[in-house]
1. Just need a number here: residues in the range 61-76 that are basic (Lys, Arg), within 21 Å of residue 106 (Cα to Cα) and open to solvent by 40 Å² or more (accessible area, probe 1.4 Å).
2. For the range 70-122, name all the residues that are among the polar types (S, T, N, Q) and under 22 Å from residue 42 (Cβ atoms).
3. Considering every residue within the range 39-60, establish whether at least one is of a type in the set (Ser, Thr, Tyr), in contact (Cβ under 8 Å) with a residue 40 or more places away in the chain, in contact with a strand residue (DSSP E or B) (Cβ under 8 Å, 6 or more places away or on another chain) and open to solvent by less than 70 Å² (accessible area, probe 1.4 Å).
4. Taking the range 1-17, which residues are open to solvent by less than 30 Å² (accessible area, probe 1.4 Å) and at pLDDT 95 or above?
Amino acid sequence: QVQLEESGGGLVQAGGSLRLSCVASGRTSSSNAMGWFRQAPGKEREFVAAITLPQHNTYYANSVRGRFTISRDNAKNTVYLQMNSLKPEDTALYYCAADTRLRGLRAVDFGSWGQGTQVTVSS
């Protein structure tokens, strides 16, 4: 099992930027696919972005493509989510997720999860 810990959330004005980090520990060989999901109050958890090893293929939700960038530093077992041009509708609890390989882009396709970090975008 891999353990995931997110950081970097906070309060930002619309149009601003934040960078989220997720550090993987433990059985990091189980994290060839890593992703970010988000969940707003009263809504289902939704896919944001994912990245795979070894090709570093990236995948994005249409709502964030062109504004968010996912990347990973293998030496640090860390995945990042750079979020630019933030909008109030990006407000949510952001979760890091991992699995041994990319099975899909749904929450059920990832077996390991962090506790989440809150992102709040004010208008």
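The values are calculated or read from the model by the stated rules, or taken from the named source; none is laboratory data. These figures come from a predicted structure and were not determined experimentally. Using ideal geometry, Cβ is built from the backbone for each residue, glycine included, and neighbour counts are taken over all protein chains shown. Surface accessibility is based on the protein's heavy atoms, side chains included, excluding ligands, DNA and RNA. Shrake-Rupley method; radii C 1.70, N 1.55, O 1.52, S 1.80 Å.
1. Here is the first cut: in the range 61-76, the residues basic (Lys, Arg) are 65, 67, 72, 76.
Those still in the list that are within 21 Å of residue 106 (Cα to Cα) too: 65, 67, 72.
From what's left, open to solvent by 40 Å² or more (accessible area, probe 1.4 Å): 65.
Counting residues in the range 61-76 that are basic (Lys, Arg), within 21 Å of residue 106 (Cα to Cα) and open to solvent by 40 Å² or more (accessible area, probe 1.4 Å) gives 1.
2. In the first step, residues of the range 70-122 are kept if they are among the polar types (S, T, N, Q); the result is 71, 74, 77-78, 82, 84-85, 91, 100, 112, 115, 117-118, 120, 122.
Within the range 70-122, 91, 115, 117, 118, 120, 122 qualify.
3. Start the filter on the range 39-60 by keeping residues that are of a type in the set (Ser, Thr, Tyr), which leaves 52, 58-60.
Checking the rest, the ones that are also in contact (Cβ under 8 Å) with a residue 40 or more places away in the chain come to 52, 59.
Then keep just the ones that are in contact with a strand residue (DSSP E or B) (Cβ under 8 Å, 6 or more places away or on another chain); that gives 52, 59.
With open to solvent by less than 70 Å² (accessible area, probe 1.4 Å) added as a condition, the list becomes 52.
Taking every residue of the range 39-60 in turn, at least one turns out to be of a type in the set (Ser, Thr, Tyr), in contact (Cβ under 8 Å) with a residue 40 or more places away in the chain, in contact with a strand residue (DSSP E or B) (Cβ under 8 Å, 6 or more places away or on another chain) and open to solvent by less than 70 Å² (accessible area, probe 1.4 Å).
4. First pass over the range 1-17, keeping only residues open to solvent by less than 30 Å² (accessible area, probe 1.4 Å): 2, 4, 6, 10, 12, 16.
Selection gives 4, 6, 10, 12, 16.
Table: residues versus (1) aromatic (Phe, Trp, Tyr); (2) under 28 Å from residue 1 (Cβ atoms); (3) free of Cβ contacts under 8 Å to residues at least 60 places away in the same chain.
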position: 20; (1), (2), (3): no, yes, no
position: 71; (1), (2), (3): no, yes, yes
position: 75; (1), (2), (3): no, yes, yes
position: 91; (1), (2), (3): no, no, yes
